[in-house]
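Student: Dropping a structure here in structure tokens format, bear with me for questions.
Read-outs: derived from the displayed coordinates by stated rules, not from any lab. This structure is a prediction, so every number in the text was calculated from the model and none was measured. In this analysis, Cβ positions are derived from the backbone assuming ideal geometry, glycine residues included, and neighbour counts consider all displayed protein chains.
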Amino acid sequence: MEDTLHPQLSHRTVRQLIGWLESQSLLLARSPCVLGDQQAWPESKQLSYIRSVPGFIPLIAPLVFQLSFDASNGLYERNIIDGLQRIRAINRFVKGEIPYVDGSSQQWYIQAHDGSHRALVTEQWKTRFLNTALYVCDYEGLSPAQINSLRQHAEKYMA
């Protein structure tokens, strides 16, 4: 990897990540920087990840993005280089597609869209979840070779 890479490291929260998804400044479906050969996590791994999120320390593995400026709306977009499966798990949980599982109990972030009743996590737990710290590593102006190098590093050390 070239020595000219200068990532912007920052500390964000799950709440901010959800805001990026809602504002569409982070688009899961069309992120061209996503690891091409990466397999989607099975639901069991997503559930395990959600169980680990509301801890009292930041999640260590950084989410890695390529920032690009969209002149049409004057905003930056984040394209995912590493962290897609973690982001998908959080997004699925917040949308009510997967539960928080603790032992044999399941608790959900929101009620079912079909109106059926299900146990929800407490407001205190939600707050702790939303305020969980995430490390974010933003890059600008990466070449395809640099993106591939970052992908290889992520595959090697984050597998």
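Student: About its Cα centre, what dipole magnitude does segment 8-158 give when the only charges are +1 on Lys and Arg Cβ and -1 on Asp and Glu Cβ, stated in debye to the nearest 20?
Tutor: Dipole about the Cα centre, nearest 20: 300 debye.
Student: Same structure again: Express the relative contact order of segment 70-116 as a whole percentage, based on alpha carbon pairs under 8 Å and six or more residues apart in sequence.
Tutor: Computed over segment 70-116, the figure is 22 percent.
Student: Take every Cα pair under 8 Å in segment 8-158 that's 6+ residues apart, average their separations, divide by the length, and report that relative contact order as a whole percent.
Tutor: Relative CO of segment 8-158 lands at 35 percent.
Student: When you have a sec, figure out the Kirkwood radius of segment 8-158 from all distinct Cα pair distances and drop it here in Å to one decimal?
Tutor: Taking the inverse mean of 1/r over all distinct Cα pairs, segment 8-158 comes out at 16.4 Å.
Student: Show which lysines lie in cross-link reach of residue 156 when reach means a straight Cα distance below 24 angstrom and same-chain residues fewer than eight apart are skipped.
Tutor: 45
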